[in-house]
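In what follows, a structure is listed as structure tokens, so that the remarks can point back to it.
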Amino acid sequence: MTGPPFELRDAEIQPDARAKLTGEAVFTDDRFMPGVLWASVATSPVAYGRIESIDTSAAAAMPGVVMVATAAEIGRRRHGRRLADQPVLCWDRVLFIGDRTAVVVAETRAEAEAAAARIAVDITEEEPLLDLERVTAENAPILHPEAQSYRYSGGRRPEVPHPNVQGHATVGLGPDDIEAVFASAAHVFEEEYRTPATHAGYIEPRVCLAWNENGITRVATTNKGPFRLHQQLADTLDVDSDRLEVVSGHIGGDFGGKGQTIDEYLCVLLARSIGRPVKMAMTWAAELAQGPVRHSSLVRLRTGVTEDGRFIAHSATVLYGGGAYASAKPVPDLTLPGATSAMIAYHIPAVRIDARTLYTNSVPGGHVRAPGQSQVQFAGESHVDSIARRLGIDPYEIRTRNALGPGMRSASGLHIREPRAVEVLNAVRTVDRHPPADDGLVRGHGVALAARHVGGGEFPLRAVLSPDATFELVTGLPDQGAGAWMVMQRVFAAELSVDPERVSVRYVPTGETRPDRGIGSSRSTHLGSRAAQLLAGEVKSWLDARLAEGLELRADVFVRRDGTDSIPFAALVTADLVPDPVEFEVLYREEESEDEDHDFVALAVDVAVDERTGVVTVEQATLAVDVGAVINPTAHRGQLEGGFMFGLGEALMTQLRVRDGAVVEADRQLFRIPALADVVRLTIIELPTEVGPGAYGAKSVGELANPVVAPAIANALADATGVRVPRLPLDPESVFEALTARDGEVGARGQSGG
Amino acid sequence: MFGEHGIMSEVAPRGTSHSIELVLNGAQIRADVPADLLLIQLLRDHVGLTGTKNGCGVGVCGSCSVLVDGRLVSACLVPAVQLNGRNVMTIEGAIRVHPAAETVVAAFAASGGVQCGFCSPGQVMAALDFLDRYSTPDRATVLGEFDANLCRCTGYYSIIESVLEAAGRLADAP
């Protein structure tokens, strides 16, 4: 064993921090090119309708316009991460407000946008399908009658129960006759919860720039999965994969949303056809109206409980509003990764879950931080709390009684390695409550419990050792700020026992390295750290074979085992040993395992509610997390804090209301995400383990904190007021309305009683 | 660097353009700008100062924060023509000439006040403006008054720490 030159628990400074802070770091929108043209799209103002004709003549006559194109010119093409169902430009029908009908290329962005506004599309409107409960009704229009012909990557598309169902996931545990189990329960509780569409709210809008170079079309993009985009571009545009290259790099926020980008198809096509660079950028309004957005949800839960509060039977029907296209969903079954996780932290012997993503005439749904899970976690953890209150059992106690323990199977259907539900619960349970005040507000305490998977798969990584004793790690994985590059850098340095400053990370486009799946699904820390470990092992073997026997690396110094000699790393690794740069490459593959790796998390909040206004204020929050080994302490804390505030936004303010198919917030710039003034006092309790699948037992962290925030606050609101608000956000309007309804009921009862 | 970009006539091909003179990052420049050209477009598209980031485009996010005559301004809201006779400082200029800029940058880096980095130059500009007004701020002042810039990554905790850390370092500086 060689000793590390630094401790992983020492706070790190992001190597790119200065470049980012001083504006030197180049983001996609910062790329300019001589002769660049701008493209802008015309979009449907109608939620559902048949295209009768598209008149581009007025647009073509506008100043600066170089080209106007419709599907008649670019071809009938569809794109999608798994199922290619979204037209690059629509030809026969439009399926949501924001669907693209034509594109204009002009000398400037303003000219392109002005001309795009002059595209005239004659659409015969039809009654849109917007109600999740009507999607599979007998008279519902079939939004994708030709779905059988859509390209599906990676095998055969799983069967769906109805053509308006995008994807379908089920879980079945326990006896065939679950109704018999429900019948044996002392109580059966049935509830319904709803969550709205939201947007990831990254600060950098999606941008792309395509240009031709040596027979290759390169596209710089804000997409976080460049290799996947590369393949989708080749498939959608019928371009030889060797003729394309995708360039990502620094991405200005992601939170799941930047796995799907939609301008690149047009941008590449237009750059190839015109022979000049073409740039496209989405406005914030376009981001919100065209998505992808977090799926709205309607969740029905039914739980059979014994007299002492044990869950014996549970069924869940989960409907997600998938919008007009399933194109943003990468998961093979076209549902969402968290779809069956409403009661993931519990053991229930009999379970039936039916989760569906549904086609509607609304903005397409995609991945946003803990996709699918944050919706059902709000429902599940509200439900558990509601059961506890109705049975008069302490909310912590009911969770502890039903918590997933070792050897048990989760109600989500999974076997989870070393579940730590009780540990995280106990950690927040013992924290002092916020003191009351005599200020006219009512106060309450709420808790929520969850588990979040650690992603896996395979991951390539390359290192180059230079004669000046420095290493460069070469990766095609973009940087969206969560710290994946630092994970690789620090683990590689720690494993080799060299100074991390010796190790830099270089991002390369898709043409220059082996494919990876990009950032996402809470897998980067796991995969990046293990690949770095493996790679460091290769380098160690190489050095061992070339250095005098008995030398070992310790803290950037080669030391003789008998302690008699020490030589700085840079003094031995010189041009004599390394005359030319040496390359090392590994492909890390996750080991197959019966058990799934998850992090457990509990959040306790104290809220104050102003019953006159419906304003809910979180006075303090305590987050306990089962973290595994921490590799980047600063970034790790940042993910938890950022995740908490992300969840706070979705709990209290963030929403996209869709009215008649139109996103209200897109028109009015009303979309709200938390500002600094919304920050609340947060204490984080870390419960480390060494059982994670990453290096040293590292786990994931990025999607851990946000799903528990809304249910914890809803539960505290119920504790404070007796009112359960079964929908998000818990904004003053909703809370006030619920309080008014409560007071109305009390008043009515009072009257009839008197 | 402004010598090569300083003449703006070629970027005002249509409509009425106005001749303006301003001090940009310490250098006197003259530009012919159309009436609808925004400061952010002048800076990014024509002068090549891309540290001023194009975020929401509607004055909400603060990613395009610059100092105009020492006051914090969203460059996406200001027509360039209004800058005649003004002094504009962007992140690129601040890092060269503002006495507090390097300290603020170092404090943000050390406190983890930067993740994806897209809002970061705007946060630095906002911090320079804030620390100019409050040289020894406490946490409550930061929470109450440092509220012009959105960040989606950090949840703001490390940004609050960064601003306080910067204030401390500036106070300790000789």
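What whole number of Å gives the distance from the Cα centroid of region A:581-616 to the Cα centroid of region A:364-431?
What the calculation gives is 14 Å, centre to centre.
Over the heavy atoms of residue B:56, what accessible area does a 1.4 Å probe trace out, to the nearest 10 Å²?
Around 10 Å² of this residue is reachable by solvent.
Given a Förster distance of 45 angstrom, what is the FRET efficiency for residue A:19 paired with residue A:426, based on the Cβ-Cβ distance and rounded to 0.05?
0.55
Note down the nm distance, to one decimal, between modelled labels 7 Å out along Cα→Cβ at residue A:179 and at residue A:506.
Result for the modelled spin labels: 6.7 nm.
Could you state how much accessible area residue A:55 has, in square angstrom rounded to the nearest 10, with a 1.4 Å probe and all protein chains kept in place?
Around 80 Å² of this residue is reachable by solvent.
Considering only DSSP beta bridges where both residues belong to chain A, give the percentage that are antiparallel (nearest 5).
75 percent
What Rg and what Dmax come out for region A:57-115 when only alpha-carbon atoms are used, in angstroms?
12.9, 39
Using 23 Å as the Cα-Cα cut-off, could you pick out the over-long pairs in A:329/B:53; A:258/A:329; A:224/A:540; A:699/B:53; A:20/A:329; A:279/A:329?
A:329/B:53; A:224/A:540; A:699/B:53; A:20/A:329; A:279/A:329
Counting pairwise Cα distances across region A:628-753, what percent come out greater than 23 angstrom?
Cα-Cα pairs in region A:628-753 separated by more than 23 Å: 51 percent.
Rounded to whole Hz and in sequence order, give me ³J(HN,Hα) for region A:516-529 from the Karplus expression 6.51 cos²θ - 1.76 cosθ + 1.60, θ = phi - 60°, writing x for Gly and Pro.
Rounded to whole hertz, the list is 10, 8, x, 6, x, 6, 6, 10, 5, 5, 4, 6, x, 5.
Provide the convex hull volume over Cα atoms per residue for region A:101-159, in Å³.
Expressed per residue, the convex hull around the Cα atoms of region A:101-159 is 188 Å³.
If you look at just the Cα atoms of region B:58-174, how large are its Rg and its Dmax in Å?
13.6, 41
When only alpha-carbon atoms count, how far does region A:381-516 stretch along each of its three principal axes, as whole angstroms with the largest first?
On the principal axes, region A:381-516 reaches 70, 42, 29 Å in Cα extent.
Per residue of chain A, what 222 nm ellipticity follows from adding -39500 (n - 2.57) for every DSSP H run with n ≥ 4, rounded to the nearest 500?
-7500 deg cm²/dmol
Quantify how much of the Cα-Cα distance distribution of region A:278-322 extends past 12 Å, in percent.
74 percent
Could you pull out every residue, at least 5 positions away or on a different chain, whose amide H is within less than 5 Å of the one on residue A:79? Hs are placed 1.01 Å off N in the peptide plane, and Pro or chain starts have none.
Answer set, sorted by chain and number: A:85, A:86, A:88.
Accessible area lost on pairing B with A, both sides, 1.4 Å probe, Å² to nearest 100?
3900 Å²
Kirkwood Rh over alpha-carbon pairs of region A:402-464, then Stokes-Einstein at 20 °C and 1.002 mPa s: what D in µm² s⁻¹, rounded to an integer?
D = 134 µm²/s.
Take the alpha carbon atoms of region A:625-644, find their center, do the same for region A:449-486, and report the distance between the two centers in whole angstrom.
What the calculation gives is 17 Å, centre to centre.
What size of dipole, in debye to the nearest 20, comes out for region B:78-174 about its Cα centre when the only charges are +1 on Lys and Arg C-beta atoms and -1 on Asp and Glu C-beta atoms?
With Lys and Arg at +1 and Asp and Glu at -1, about 220 debye.
Determine the distance separating the Cα centre of region A:124-168 from the Cα centre of region A:712-745; give it in Å without decimals.
If we compute the Cα centre of each part, the gap is 35 Å.
Across region A:292-306, in residue order, what do the Karplus-derived ³J(HN,Hα) couplings come to in whole Hz, using 6.51 cos²θ - 1.76 cosθ + 1.60 with θ = phi - 60° and x for Gly and Pro?
Each residue's phi maps through the Karplus curve to give x, 10, 5, 4, 5, 8, 10, 10, 10, 10, 9, 9, x, 10, 6 Hz.
For region A:506-511, what does the Karplus curve 6.51 cos²θ - 1.76 cosθ + 1.60, with θ = phi - 60°, yield as ³J(HN,Hα) per residue in whole Hz, taken in order and with x for Gly and Pro?
Working through the residues one at a time gives 10, 7, 10, x, 4, x Hz.
How much of the accessible area of region B:38-174, probe 1.4 Å, is carbon plus sulfur, in whole percent?
49 percent
Roll a 1.4 angstrom probe over the protein heavy atoms and tell me the percent of accessible area of region A:74-185 that is carbon or sulfur.
C and S atoms contribute 47 percent here.
In angstroms, what radius of gyration and Dmax does region A:526-600 have, counting Cα atoms only?
16.8, 51
Could you work out the relative contact order of chain A, using alpha carbon pairs under 8 angstrom and six or more residues apart, expressed as a whole percent?
16 percent
Using a Debye calculation, one point per C-alpha and no hydration shell, please list log10 I(q)/I(0) for the protein assembly as shown at q = 0.08 Å⁻¹ in order.
Listed by q, the Debye log ratios stand at -0.78.
Please name which of A:262, A:249, A:536 has its Cα lying farthest along the dipole of chain A towards the positive end, using unit charges on Cβ (Lys, Arg +1; Asp, Glu -1) and the Cα centre as origin.
A:262
Percent relative contact order of region B:25-174, based on C-alpha pairs within less than 8 angstrom and at least six residues apart?
26 percent
Kindly identify residues of region B:133-174 having a loss of at least 30 Å² in accessible area between the isolated chain and the assembly of all protein chains, probe radius 1.4 Å.
B:143, B:147, B:150, B:152, B:153, B:155, B:156, B:157
For region A:511-645, take N as its residue count and report Rg(C-alpha) divided by 2.2 N^0.38 Å.
Against the compact-globule rule of thumb, the ratio is 1.67.
With +1 assigned to the C-beta of every Lys and Arg and -1 to the C-beta of every Asp and Glu, and no other charges, what is the dipole magnitude of chain A about the Cα centre in debye, to the nearest 20?
About 740 debye.
Taking a 1.4 Å probe, which of A:77, B:71, A:9 shows the most accessible area, and what order do the others take after it?
A:9, B:71, A:77
Sticking with the crude label model, points 7 Å out along Cα→Cβ, report the distance from residue A:188 to residue A:243 in nm, one decimal please.
Reported label-point gap for residue A:188 and residue A:243 is 6.1 nm.
I'd like to know which of A:557, A:500, A:341 lies farthest towards the positive end of the charge dipole of chain A, counting +1 on Cβ of Lys and Arg and -1 on Cβ of Asp and Glu.
A:341
Stokes-Einstein D for region A:151-293 at 25 °C, 0.890 mPa s, Kirkwood Rh over Cα pairs, in µm²/s?
Translational D for this selection: 132 µm²/s.
Accessible area drop of at least 30 Å² (1.4 Å probe, protein heavy atoms): which residues of region A:19-65 qualify, relative to the chain alone?
A:20, A:21, A:22, A:23, A:27, A:29, A:30, A:32
To the nearest 10 square angstrom, how much accessible area does residue B:119 have with a 1.4 angstrom probe?
It works out to around 10 Å².
Using the Kirkwood formula on the Cα atoms of region A:1-124, what hydrodynamic radius do you get, in angstrom to one decimal?
The Cα-based Kirkwood calculation yields 17.7 Å.
The values are calculated or read from the model by the stated rules, or taken from the named source; none is laboratory data. As the structure is a prediction and not an experimental result, all values here were calculated from the model. Cβ atoms come from the backbone with ideal geometry, glycine included; neighbour counts cover every protein chain shown. What goes into the accessible areas is simple: the full protein's heavy atoms, side chains included, and nothing from ligands, DNA or RNA. Shrake-Rupley method; radii C 1.70, N 1.55, O 1.52, S 1.80 Å.
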